[in-house]
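Below: one structure, written as structure tokens.
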Amino acid sequence: MSTKTPSEEDILRPINTLTKKYFILYGVAALGLVAFLVAWAYQLQQGLIVTGLGDWGSGGGSTWGLYIGAFIWWVGVAHGGIILSAAVRLLNMDRYMPVARLAEMTTIGGLSAAGFYILVHMGRPDRMVTSVIGHYHITVNNSPLVWDVTVITAYFVLSATYLGLTLRYDISRLRDDLPDMFEPVYKILTLGYTEAEDKVIDRMVWWLAAAVIIMAPLLLHGGVIPWLFALLPAMPGWTGAIQGPMFLSIALMSAISGIMIISYAFRRAYDWDHIITDDIFRGLLLWLGFFTLLFLWFQLQTIINGVFLGPTNKAVAIEAKIAHPIYQVAMTMIFGTLVYIFLQGIRPALFSKRRALIASVIVLTGTLTEKILFVVEGFLHPTFDIYANTPGTYFPSAIEWLSLVGTTGLVALLFLNLSKLVPVVELHAIEHLRGDHEHGEEATEPEVEA
Amino acid sequence: MSTDDESFHPLGEEWEDELETMLDDTEYDSDLGMEMAQDAMRVTKGELSEAEFHERYHEDVMEEFGEDERPTKEAYEAAQEEAKGTVSNMLNAFDGDDGETRRETMKKMGVGAAAVGVGAFGAASNGPEQSVTAAEEGHGPRQETTEESDTQWGMTIDLERCDGCLSCMTACSEENDLDQGVNWMYVMAWEDENHHGQEGSEYDVYTDFNMGSDFNMLVRPCQHCTDAPCEKVCPTTARHTRDKDGLVLTDYDVCIGCRYCQVACPYGVNYFQWDEPDVAYEDIDGLEDPDNPDQITHAEYEHGERWVDSRAPRGTMSKCTMCPSMQDGKQGEDKVGTSACESACPPGAIQFGNVKDERSDPSQHREHPVKSRAIVHLTNSTDSTKTAPSADQINSALSEGDDLQTAIDQIEGLTVDILAIMKSIEMVSEGTEPGDEENNSILSAEQDILSAVEAFQQYVDLETEEAYSELGLGDGSEQQAHFRLEQYTGDPSSFQLLEDVGTNPNVTYLGQEPGPEAQQVEGPTKYEDVGLLDERQEYLDEGTVGRIDGVSL
Ligand code: SF4
Ligand code: SF4
């Protein structure tokens, strides 16, 4: 544990430095995004035939694939991020304050990537506005996809507001040390700011956080998003009430992993050992273990419900799922991570930040794989399973794979840009760290804090 | 939609009253206005063609306003090209100058058009077309149509008569210019534990009726579900049910290609247009008679109302449409109540029509399968070796005093068997007459048989004990007749696909229902032998960028 005292200077460092590494990273991220944009342009020109998708049924393909899988994965990362940040504020989990803003930014990034995926997935993205908004008053009554778009938009606005409100405090205080060239942005962000509003904003943020937590099971990743699949009666791979909790657990796993990776990167780049402490990683890792455990439990429930005297259609779908080598690999990876987290909990010596990082990458890969497979599985074993060409075949095309690079680039760019514009660690967190040092004492059980 | 309601405008009577008052305030003739408005709505519903509308009011408009910039018949076809939203375009036709104010335009539009036009202008924030479209379609909460239409197109498909020739599939793909592998109509043979194809076939003997088929067949068009999940989930209302006749269609101008309908449909009947369709838009054909604006190509028809017919353009969803251009009379009156697949089916296994009308073919086939099968077999099917003679044939062949056997011998092709079936049909018939609004081919064939039997009976009495026994009709009771028919055609059970999913399909099947573990097997005719592609993925894979052969999730 570092003995340095966290200072304003620390959190301003990303804004006031410009390194070669930054440029390289920026270049790589931009390249990834541009490469996918070019590929997308080609897809727009040729049609969705450039993907590996096809028609389920007599056609022998899969209607949805990587695009939708990655879409729900990004939404999961985003929703998990906002839930985490809300929990920090609502439950006074002060220990995680230094990463709260990173979590909010992850939400914005995840939602941007998800929104982008909606467009990429469409056959006629040019009609999004006229066709979707034009009939919104009718379709909102029935279409889970419209619910999704609604909720995602709502949460984008909510998260941005949330982020914006907390930024006012910081910017107004750090203004003098912020670069002049972004002056207009700061002006807008702090429009009409007075110190008197701090209290009010604190309240507002608390209520927003409360809203996020309360709505998490229903409107975030535990409801509307899984309903996209779970409500369809004739795809036994998808149906069932378990999908709500399942999706929520995956969202939280992905978000925690994502935030760990991002925190790790910032800590390394800006010497933030004393701000984003080892303690934070230990805590996040335990939380990750907790949600992983929940996830595996839900998986087990699904499987037992299908294979043990399940109805024909369900049994067929679940048997195929557990027999799928990719599913087995993903579950083994996730289970292995859980074992590691458990062991390092018992023997703290087994912990290292690098290992936490590896665990995060494994979990993210595992959840992404699970998501894509989950989407495709529905089409492989439908209730109306008579077609000779069903289960069909699907493997993502190069363009679809590239979309993962592109959206990751997009999110990375967002962080790279934001980090030059505003502090990615809250001033509050610094003040708190300075004023309250004994909090750094080991408290490896996150539940204690919660 | 308020078809039977007094008011003609979807927004109801109150709205009309308000309009009438408003129109009274203008200097123009408000009766003419209201009349025009009514007809304008009829155009949007497809009951009246645009050309007729203009024809009807040209003189009046000239008289009233001294100008009429609307297109005449000659200009009609050109206008059709550009036409998108019916109402807004019709209104534009009155509106020569873009620079006019709303008020001026309305005046000039003619008060009648104003009635419709206000609706469009009033909701300008949504875009006029949408609000009008929504109104036209009677969209409220979508599922509950306020007033049920008495037409619902659908089918009854006799799986035991299907011989797997795939004629319906080829007819459909020709009619609709479908790409390879886009099998809106799909016919498959299947087996499951209880229904083996070859050995355990229900019919061990070849009869003319069962054609000795060794296969269990399933004929799978879109089911045009009354509670269609595909429609519920659509984020745009592109997938919609037409209020007037219950067809579930896709508006190719609105669909965003999200494919959620394909995901939600339990039957797998949707086919997405992944790339540019093989048949270019200009080449989509139909009944072409360039001089007659009512007999138009599919392409032009599509832009008349909502664009729902024929193959989909790139990036949108397609599926079996049940031939809306035929149902709308755009391919001639005699095609109303028929579909391309029905007309193409040699044994008459597909019976298309209004399933809400008890006199329609699908209803007759569903409710009286035994009798209807016999009728179809004796009259309607091109590949049957048995044909019932017509009354004329009988009258010209027979003479007074013939005995039964001589009479039968004297009519070409007539056998005791055929006569027995004809007589049985007459005995069980309730004598329901076919309706005249659509193709009720089973009932009209039944009438033909009834008159043939009547004609026959002028010469030979068929209601004697002797005749009954010769025809195998026992004591001549209705029950015996029914039994005789059953012997001939079998007594099929009927079912709907995935009834427990709650989609309320409008296709009913006669024959064996495939069990949950049924699997498609190779059928009597190979898809590629009739120029069809079965597994579309084979084609789609060619377009996949960076495809790795043989690798799949
Ligand atoms: S079968 Fe039913 S659910 Fe499927 S596309 Fe047709 S109407 Fe929609
Ligand atoms: S693909 Fe088109 S018709 Fe189908 S749900 Fe999406 S927008 Fe509606």
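Coordinate-derived values only; no laboratory data. These figures come from a predicted structure and were not determined experimentally. Here the Cβ is made from the backbone with ideal geometry for all residues, glycine too, and neighbour counts use every protein chain on show.
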Q) Relative to the first principal axis of the alpha-carbon coordinates of chain A, what is the inclination of helix A:243-270, with its axis defined by its Cα atoms, in degrees from 0 to 90 and to the nearest 10? A) 40
Q) What is the range A:1-113's relative contact order, in percent, from Cα pairs under 8 angstrom and six or more apart in sequence? A) 17
Q.
How high is the relative contact order of the range A:8-434? Use alpha-carbon pairs under 8 Å, at least six apart in sequence, and give a whole percent.
A. 35
(Q) Using the crude model of +1 on Lys and Arg Cβ and -1 on Asp and Glu Cβ, and no other charge, please compute the dipole size for chain A relative to its Cα centre, in debye to 20. (A) 860
Q: Would you please calculate the Kirkwood hydrodynamic radius of the range B:301-371 over all C-alpha pairs and express it in Å, rounded to one decimal?
A: 13.7
Q: With the cut-off at 17 Å, report for the range A:126-211 the share of all Cα pairs above it, as a whole percent.
A: 62
Q | Approximate spin-label separation residue B:405-residue A:297, in nm, with each point projected 7 Å along Cα-to-Cβ | A | 8.8
Q: Give me the number: length gained by fully extending residue A:326 to residue A:398, i.e. 0.36 nm times residue separation minus the C-alpha to C-alpha distance, one decimal in nm.
A: 24.0 nm
Q: Work out, step by step, the length gained on full extension between residue B:433 and residue B:333: first 0.36 nm times the residue separation, then minus their alpha carbon distance; give nm to one decimal.
A: 34.1 nm
Q) For the pair residue A:319 and residue A:37, what calculated FRET efficiency results from E = 1/(1 + (r/R0)^6), where r is the Cβ-Cβ distance and R0 = 45 Å, to the nearest 0.05? A) 0.65
Q) To the nearest 10 degrees, how steeply does helix A:353-380 sit against the main Cα axis of chain A, on a 0 to 90 scale? A) 30
Q: Highest first, please rank the peptides B:388-396, A:220-228, A:282-290, B:258-266 by the mean number of other Cβ atoms sitting within 10 Å of their residues.
A: B:258-266, A:220-228, A:282-290, B:388-396
Q: Using only Cα atoms, tell me the angle between helix A:97-121 and the longest principal axis of chain A; keep it within 0 to 90° and round to the nearest 10.
A: 30
Q) By average Cβ neighbour count within 10 Å, what is the ranking of B:502-510, B:331-339 from highest down? A) B:502-510, B:331-339
Q. Cα convex hull of the range A:8-434: how many Å³ per residue?
A. 155
Q: Alpha carbons only, please: Rg and Dmax for the range A:2-129, in angstrom.
A: 20.1, 67
(Q) Let's test this: bin the Cα-Cα distances of the range B:423-530 at 5 Å from zero up to the farthest pair and state each bin's percent. (A) 2, 9, 12, 14, 15, 12, 11, 10, 8, 5, 2, 0
Q: Using Cα pairs closer than 8 Å and at least 6 residues apart in sequence, work out the relative contact order for the range B:361-489, in percent.
A: 34
Q) Between residue B:517 and residue B:395, what length comes free when the chain is fully extended (0.36 nm per residue of separation minus the Cα-Cα distance, one decimal in nm)? A) 38.5 nm
Q: Provide the FRET efficiency to the nearest 0.05 for the residue B:530-residue A:204 pair, computing r from the beta carbons and using R0 = 51 Å.
A: 0.15
Q: Taking every pair of alpha-carbon atoms in the range A:214-370, give the share separated by more than 18 Å as a whole percent.
A: 62
Q. If each residue's Cβ is checked for other Cβ atoms within 10 Å, how do B:248, A:376, A:316, A:405 rank with the fewest at the top?
A. A:405, A:316, B:248, A:376
Q: Could you tell me which of the pairs B:232/B:356; A:314/A:353; A:4/A:420; B:319/B:386 are separated by over 30 angstrom between their Cα atoms in the structure shown?
A: A:314/A:353; B:319/B:386
Q: Could you work out the longest stretch of chain A that avoids the GluC sites (Glu not before Pro) located in DSSP loops with at most 15 other Cβ atoms within 10 Å?
A: A:196-440
Q. Roughly speaking, what % of Cα-Cα pairs in the range B:361-489 are separated by over 23 Å, rounded to a whole number?
A. 27
